Amino acid sequence: MAANIEKTFKFVVVGGGIAGVTCAEQLASQFPSADVALLTAAPLIKAVCNFKQVSKTLEEFDVEERPSSVLEEKYSNLRVIQSAVKALHAQHHTLLTVDGLEIHYEKLCICSGGRPKLLTQDNPFVLGIRDTDSAQEFQKRLSKAKRIVVVGNGGIALELVYEVEGCEVIWAVKDKAIGNTFFDAGAAQFLIPSLDTDKPERAATCKRARYTIEGPAATQGLAVGGGSDRQGQSRGLEEPGSALGPDWHEGISLRGAEEVSHRVSVEYQSEVKQIYTHQDFLLSPLALQTADTGSWPVYAQLSNGKTFGCDFIVSATGVVPNTEPFLHENNFALAEDSGLRVDDHMMTSEPDIYAAGDVCTAGWEPSHLWQQMRLWTQARQMGWYAGRCMAADVLSETIELDFCFELFSHITKFFNYKVVLLGKFNGQGLGLNQELLVRCTKGHEYVKVVLSGGRMLGAVLIGETDLEETFENLILNQMDLTPYGEELLNPNIDIEDYFD
Ligand code: FAD
């Protein structure tokens, strides 16, 4: 057998997603004479662009997939190595890759993201959406589909059911309302009518630039939109690409085989109990009990007693941290959700090993206004902060937990509405010790404020409310708002002036 090729770097970062790329860039720029390696399974890396600090904690940015050469051109001390890690020997500070590389590091940051938590493995009729390849597979299958069943109630499911056209969607959510991860039943009621109306026309441009790869080394054949070919790529499905982000569906047509626009039926409080192939279904007693069996390649029996035939099932039930190659023979402390537990310096329980992004779980006592959610913004913040912590460690400097972990904040779009989430936006952990103020104008805006002991602890802002900065300040300064009562949401009061 050929001997392993050995390489040594001061800093090694695993993962070419937002967390890994941000961490590697931070290290390469802070230590221009140190050797930094970014090790990634996918041929393309994710780069943050058009970064905008919207307010103290709210940030917006676009993400582009780029060939790794872009990073190497920017930082002469940064090497991007495309090879998946298959083992880690933490004691020896060594990583082994599938291509026989043995990489030694002084400090390591694991940013290997997550993979979809599939309802069932190895069922060709159950798809997960995680990276560009899986989104393209979904698009291909959808173009021939008349009915799909979408399972899950998080961000991906929300976007999917809204975006899909020309195909009936049966949406199975385990909760009493849609979008439980992001908002309450009131906000869900506000958004639901959007599923029955035609979507507004979108400009045909696509923000995400997609590169094709030709041959083993990346070249610059720029392909805008999702229809691009990925000639010459040798990545197998077991080597995951980076997670998609908020605009993952832009530039790819999510259209089924039918003429309909939106046709979504929500099955509340239901989970998938059993999945049947066409053959198995016909042989089961269910075939006799189900009113409209049709002839479908797959059938989903839900826990509410209903069974639906469909072309395929989309499993959008969250992600599991991608820790597998790193655990064997090492002593990582894992969190309940199986993420690598990190302390307030993004350090795992293994010496000189840090972690950031979807693969890790914040193990420190968080600020009472922050919680971890596996989102793009947090992947960037964690990657950046992990890089700074690694640097501080090498330089024997002290470093405080970054301000971005003070207040949870997130901007996104659901059903074409701008959505801003701040602090304990869903009253997380407050139990009965909370008071809600709500203002809602159908089809226009939904504003919810979470108060506890007269102080604002969180807010959900849907639509163009223009309240994010003022509310962020009120949450951060923890001013006693008792004297203002419900006036806080009085639409006739210019709240910005009020608190100036
Ligand atoms: P990833 O982006 O998953 O990157 C992991 C990297 O590690 C990849 O480059 C992969 O190739 C590499 N890797 C994995 N295993 C190995 C290995 N063994 N060896 C070497 N490299 C390896 N977030 C939002 O904020 N807003 C949204 O609206 C939103 N929508 C989303 C929609 C979809 C469809 C999906 C899937 C996610 C969405 N997210 C959204 C979540 C967001 O994309 C992720 O939280 C974020 O991208 C995680 O970044 P990461 O760098 O931690 O991991």
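Table for the structure above
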quantity: Selection count, the range 126-155, where residues are more than 11 Å from the ligand (Cβ to nearest atom), surrounded by fewer than 21 Cβ atoms within 10 Å (Cβ to Cβ) and in a loop (DSSP other than H, G, I, E, B); calculated: 3
quantity: Residue that is within 16 Å of the ligand (Cβ to nearest atom) and either crowded, with 16+ Cβ neighbours inside 10 Å or not small (Gly, Ala, Ser) (or both), where the choices are 328, 368, 345; calculated: 328
quantity: Matching residues in the range 63-86 - criterion: being away from the ligand (no atom under 12 Å from the Cβ), surrounded by fewer than 21 Cβ atoms within 10 Å (Cβ to Cβ) and in a strand (DSSP E or B); calculated: 64, 79
quantity: Cβ pairs under 8 Å, 6+ apart, first in the range 275-290 and surrounded by 14 or more Cβ atoms within 10 Å (Cβ to Cβ), second assigned to a helix (DSSP H, G or I) and among the small types (Gly, Ala, Ser); calculated: 281/287
quantity: Sole residue being within 13 Å of the ligand (Cβ to nearest atom), surrounded by 15 or more Cβ atoms within 10 Å (Cβ to Cβ) and among the hydrophobic types (A, V, I, L, M, F, W, C), chosen from 419, 449, 394; calculated: 419
quantity: Filter result for residue 458 (in a loop (DSSP other than H, G, I, E, B) and closer than 20 Å to residue 180 by Cα); calculated: no
quantity: Matching residues in the range 437-489 - criterion: being among the aromatic types (Phe, Trp, Tyr) and out of contact with any Cys (no Cβ under 6 Å at 6 or more places or on another chain); calculated: 471, 484
quantity: Enumeration of residues in the range 156-165 that are in contact with a strand residue (DSSP E or B) (Cβ under 8 Å, 6 or more places away or on another chain) and either modelled with pLDDT under 85 or in a helix (DSSP H, G or I) (or both); calculated: 157, 158, 159, 160, 161, 162
quantity: Test for residue 21: is it within 12 Å of the ligand (Cβ to nearest atom) and not in a strand (DSSP E or B); calculated: yes
quantity: Filter result for residue 6 (surrounded by fewer than 17 Cβ atoms within 10 Å (Cβ to Cβ) and not in a loop (DSSP other than H, G, I, E, B)); calculated: yes
quantity: Odd one out for residue 362 among (1) aliphatic (A, V, I, L, M); (2) within 16 Å of the ligand (Cβ to nearest atom); (3) out of contact with any strand residue (DSSP E or B) (no Cβ under 8 Å at 6 or more places or on another chain); calculated: (3)
quantity: Test: residue in the range 392-406 that is touching a Leu at 6+ places or on another chain (Cβ under 9 Å), in a helix (DSSP H, G or I) and either under 26 Å from residue 27 (Cα atoms) or small (Gly, Ala, Ser) (or both); calculated: no
quantity: Residues located in the range 24-42, provided they are assigned to a helix (DSSP H, G or I) and either buried (at least 24 other Cβ atoms within 10 Å of the Cβ) or within 13 Å of the ligand (Cβ to nearest atom) (or both); calculated: 24, 25, 27, 28
quantity: Strands (runs of 3 or more DSSP E) contained in the range 337-382 and holding at least 3 residues more than 19 Å from residue 424 (Cα to Cα); calculated: 340-342, 353-355
quantity: Residue 432 vs. criteria outside any loop (DSSP other than H, G, I, E, B), of a type in the set (A, V, I, L, M, F, W, C) and either more than 24 Å from the chain's Cα centre (by Cα) or surrounded by 20 or more Cβ atoms within 10 Å (Cβ to Cβ) (or both); calculated: no
quantity: Selected residue [assigned to a loop (DSSP other than H, G, I, E, B), at pLDDT below 50, over 19 Å from residue 140 (Cα atoms) and among the polar types (S, T, N, Q)] from 317, 205, 293; calculated: 205
quantity: Only listed residue being out of contact with any strand residue (DSSP E or B) (no Cβ under 6 Å at 6 or more places or on another chain) and among the aliphatic types (A, V, I, L, M), chosen from 37, 24, 42; calculated: 42
quantity: Condition met for residue 102 (without any contact (Cβ under 8 Å) to a residue 40 or more places away in the chain and at negative phi); calculated: no
quantity: Answer from 316, 287, 300, 335 - the residue that is closer than 30 Å to residue 96 by Cα and not hydroxyl-bearing (Ser, Thr, Tyr); calculated: 335
quantity: Residue 9 being among the aromatic types (Phe, Trp, Tyr), modelled with pLDDT under 90 and within 15 Å of the ligand (Cβ to nearest atom); calculated: no
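The values are calculated or read from the model by the stated rules, or taken from the named source; none is laboratory data. Since the structure is predicted, the reported quantities are computational estimates derived from the model, not experimental observations. Heads up, the Cβs are rebuilt from the backbone with ideal geometry, glycines too, and the neighbour counts pull from every protein chain shown.
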